[in-house]
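The values are calculated or read from the model by the stated rules, or taken from the named source; none is laboratory data. What you are looking at is a predicted structure, and each value in this text was computed from that prediction instead of being measured. Using ideal geometry, Cβ is built from the backbone for each residue, glycine included, and neighbour counts are taken over all protein chains shown. To get the accessible areas, we keep the full protein, side chains included, count just its heavy atoms, and leave off ligands, DNA and RNA. Shrake-Rupley method; radii C 1.70, N 1.55, O 1.52, S 1.80 Å.
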Amino acid sequence: MRILIVVAAVIVLGIGATAYALRSPDEVVVATEAGPVELTPGRLLFVDDASGKVASVPLSSPAGPRRVSSLSCKRFYTAARQGLCLADASRPMPGATAVFVDQALTERRRVEVAGVPNRAKLSADGRMASWTTFVTGDSYAQSNAFSTRTGIFDTRTEEYASNIEGLRVEGRKMTNDMNYWGVTFTSDDRLFYATLGVGGKTYLIQGDAVDKSAKALRENAECPSLSPDGRRVAFKKRVPGDGARPWREHVLDLSTMVETPLAETRGIDDQVVWLDNDTIAYGLPGEGIWAVPANGEGAPRQLVPHASSPSLVIG
């Protein structure tokens with residue numbers, strides 16, 4: 001009798017475990033619709049959490065059915081009807097691949113990259129591309145436990161700086177512990193903003209892709225993103241709180257250097273995107289894509305559940 005009871009208990013537990021395993025994926029099932037995923041103005045592109053593939057919805061109804069492509073990416077960004085997909089490499093050794101795609105998400109070129117995919121960005125006209133990978137460690141939260149590699153690629157000349165750690169930073173001697181990440185380009189395709197991490201601190205820098213120089217603008221700023229009008233930079237600032245994501249998003253006025261904390265108080269470990277000059281969007285792990293006003297007012301609102309790495313196709 002005892003044996004039968006034990007066997008019955010094992011069967012019940014097994015059924016329960018199977019039911020949970022079968023039910024868990026249903027929790028991330030979202031409505032989809034047939035149709036191509038193309039870089040069409042007004043559509044919000046992102047990485048679908050369930051499939052890991054690039055998907056899209058109209059920004060006018062982001063909670064509606066999504067279209068899902070066959071392109072797998074860890075990060076995706078679009079500008080000027082072009083796309084940049086930073087994906088895990090298919091080769092035996094760990095690494096990443098930067099894949100450039102056209103309006104129909106058809107591959108046009110690829111660049112093999114060392115490290116684990118982390119950030120990807122294009123300039124507004126699509127000419128300049130940048131990506132960041134982790135080559136050791138896997139988190140910005142532990143400021144001394146990771147190392148990054150950030151590259152800049154000119155799609156017009158095909159000039160490629162695979163690692164920008166050779167930048168000459170005004171007033172600072174080059175050291176081995178310098179790390180750069182989170183590039184965002186200005187409209188002239190020459191200047192850019194990025195994060196410099198050194199000595200346990202972070203700095204917002206303005207760099208020059210032509211003469212390979214940079215200057216630090218302020219301390220405690222990470223993952224900058226330049227507004228469409230070029231007047232402000234959104235960035236994450238380290239604040240007391242969540243040890244895993246110890247940041248709060250701020251917007252910096254580049255003319256006055258006055259910063260404004262945004263209404264989103266949860267820790268954002270993302271390089272946010274600007275949907276327009278008044279709104280930024282970002283991913284929160286497990287909570288999808290959200291948006292918040294860039295002036296510090298209002299409240300966060302969810303745009304797309306079960307998604308990350310947002311990017312808007314602008315006409």
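Taken residue by residue, region 234-243 has at least one member that is farther than 21 Å from Phe185 by Cβ and hydrophobic (A, V, I, L, M, F, W, C). Filtering region 202-259 to residues that are open to solvent by 30 Å² or more (accessible area, probe 1.4 Å), outside any strand (DSSP E or B) and closer than 18 Å to Pro293 by Cβ leaves Pro228, Asp229, Arg231, Val258. Between residues in region 88-102 that are more than 8 Å from Val113 (Cβ to Cβ) and residues that are assigned to a loop (DSSP other than H, G, I, E, B) and among the basic types (Lys, Arg), which pairs lie under 7 Å by C-beta distance while being six or more apart or on different chains? Final answer for the pair search is Asp88/Lys74. Can you find a residue in region 165-178 that is surrounded by fewer than 23 Cβ atoms within 10 Å (Cβ to Cβ), part of a helix (DSSP H, G or I) and in contact (Cβ under 8 Å) with a residue 12 or more places away in the chain? Taking every residue of region 165-178 in turn, at least one turns out to be surrounded by fewer than 23 Cβ atoms within 10 Å (Cβ to Cβ), part of a helix (DSSP H, G or I) and in contact (Cβ under 8 Å) with a residue 12 or more places away in the chain. The residues in region 53-94 that are open to solvent by less than 20 Å² (accessible area, probe 1.4 Å) and within 17 Å of the chain's Cα centre (by Cα) can be counted, and the count is 12. The residue that is nearest to the chain's Cα centre (by Cα), counting only those in region 37-52 that are under 20 Å from Trp274 (Cβ atoms) and in a loop (DSSP other than H, G, I, E, B), is Leu39.
Among the residues of region 181-194, those identified as free of Cβ contacts under 8 Å to residues at least 40 places away in the same chain and either open to solvent by 60 Å² or more (accessible area, probe 1.4 Å) or not hydrophobic (A, V, I, L, M, F, W, C) (or both) are Asp188, Arg190.
Pairing each residue of region 292-307 that is within 23 Å of Glu259 (Cβ to Cβ) with any residue that is of a type in the set (S, T, N, Q) and assigned to a loop (DSSP other than H, G, I, E, B), provided the two are 6+ apart or on different chains, yields C-beta distances under 8 Å for Ala294/Ser227; Ala294/Asn277. For Arg238, are the conditions met, namely being more than 19 Å from Asp177 (Cβ to Cβ), out of contact with any helix residue (DSSP H, G or I) (no Cβ under 8 Å at 6 or more places or on another chain) and among the charged types (D, E, K, R)? No, not satisfied. Just so you know, in region 267-315 the residues that are at positive phi and not in a strand (DSSP E or B) include one that is surrounded by the fewest Cβ atoms within 10 Å (Cβ to Cβ), and it is Gly286.
The set of residues from region 227-251 being more than 18 Å from the chain's Cα centre (by Cα) and either charged (D, E, K, R) or farther than 15 Å from Ile280 by Cα (or both) comprises Asp229, Arg231, Arg232, Val239, Pro240, Gly241, Asp242, Gly243.
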